Amino acid sequence: MNNSKAKIIAVANQKGGVAKTTSVINIGAGLALKGKKVLLVDTDNQSHLSRFLGYDGTDGKPTISELVWQTVSKVQKPVSEAIRKSELGVDYIPSNFMLAGIISILGTDSDSTGVFSRLFSDGTFDEYDYIIIDCPPTLDLLVSNALKACDKVLIPVQSDFWAYEGVDQILATLQRAKQTSDIKPYVLGMLVTMYNKRTNSARAIMDAMNESYGEYVFENSR
Ligand SMILES: Nc1ncnc2c1ncn2[C@@H]1O[C@H](COP(=O)(O)OP(=O)(O)OP(=O)(O)O)[C@@H](O)[C@H]1O
Ligand SMILES: [Mg+2]
């Protein structure tokens with residue numbers, strides 16, 4: 001668990017296109033509107049979050065890739081250089097295509113799933129109320145790092161069968177990351193997304209979600 005005062009929320013689901021990035025943006029903007037200091041972290045080499053926030057890759061400043069590299073290599077450089085401001089009222093750390101190669105660098109660390117925990121324990125992050133990590137649609141080392149470093153995980157689940165079927169896998173990955181079978185303290189909730197209650201299939205998935213994971217499913221997504 002991270003000791004900084006910022007609450008770290010990982011938004012994760014290995015299924016693609018379930019509204020992880022959309023949720024990160026909207027929750028981040030909502031918290032900022034409430035006066036909270038928010039940092040969004042893009043850990044997906046697709047960089048959708050970064051680009052939405054205005055990043056075009058030309059400012060020459062470090063990205064999450066460099067921060068991971070310098071944490072693994074124990075290079076002392078201020079992490080603040082990687083933090084940008086956005087018009088949405090949130091700060092962010094962008095990703096870029098280099099992140100695809102960072103997985104192998106993570107793999108060289110003796111604590112390969114604990115690199116984000118070390119990174120986010122830097123005092124620079126103490127000024128934030130919330131750090132929200134937008135995870136890639138994978139269950140790789142980057143996601144294991146995000147799940148280990150976070151205080152809570154938010155799992156968007158699109159109301160379709162394949163997304164529902166994958167929920168057990170992410171919960172199992174969370175168990176491994178937190179090294180406990182009791183993951184309840186770490187699950188912020190499951191947000192059923194793109195739910196069209198007029199379709200039988202969406203209603204069936206919602207029923208299955210409530211039956212399997214009822215305690216975790218956000219009521220306002222029903
Ligand atoms: N409530 C919604 N209604 C309709 N479309 C939506 C809704 N939420 C998200 N979308 C759209 O669904 C698509 C996928 O959303 P998003 O990029 O947030 O998902 P993601 O889980 O981050 O995807 P990836 O796994 O590729 O990172 C986007 O085109 C987004 O605009
Ligand atoms: Mg995304």
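What follows draws every value from the coordinates through simple rules; no lab data is involved. As the structure is a computational prediction, the values presented were derived from the model and not from experiment. Cβ sites come from the backbone with ideal geometry, for glycine too, and all protein chains shown count toward neighbours.
Relative to the dominant Cα principal axis of the chain, helix 167-178 is inclined by about 40°.
Counted residue by residue at 0.36 nm each, then reduced by the alpha carbon distance between them, the extension gain from D126 to V75 reaches 16.3 nm.
Multiply the residue separation of S112 and A29 by 0.36 nm, subtract the distance between their alpha-carbon atoms, and state the gained length in nm to one decimal.
Numbers: separation 83, 0.36 × 83 = 29.88 nm, distance 3.14 nm.
Contour length minus the Cα-Cα distance gives 26.7 nm.
Rounded to 0.05, the FRET efficiency of the R203 and A172 pair, given R0 = 30 Å and the Cβ-Cβ distance, is 0.65. Sparse packing (at most 12 other Cβ atoms within 10 Å of the Cβ) combined with a DSSP loop state is found for the following GluC sites (Glu not before Pro) in the range 1-106: E87.
Each of K77, K36, K148 was scored by other Cβ atoms within 10 Å of its Cβ. Arranged with the fewest first, they read K77, K36, K148. Each residue of the range 105-118 was assigned a 3J(HN,Hα) from its phi angle through the Karplus curve 6.51 cos²θ - 1.76 cosθ + 1.60 (θ = phi - 60°); the sequence is 5, 4, x, 7, 7, 5, 10, 5, 9, x, 5, 5, 4, 5 Hz, with glycine and proline shown as x. Legend: distances between Cα atoms for K36/K152; K15/K74; K61/K178; pairs beyond 29 Å are K15/K74; K61/K178.
Remark: the chain carries a charge dipole of roughly 320 debye about the Cα centre, counting +1 on each Lys and Arg Cβ and -1 on each Asp and Glu Cβ. Cross-link candidates for K7: which aspartates and glutamates have Cα within less than 18 Å, leaving aside residues fewer than 8 places away along the same chain? Filter leaves D42, D91, D122, D126, E127, D129, D134, D151. Using amide H atoms built 1.01 Å from N in the peptide plane, name the residues 5+ places from V157, or on other chains, whose amide H lies under 5 Å from its own. HN-HN under 5 Å from V157: L191, V192, T193.
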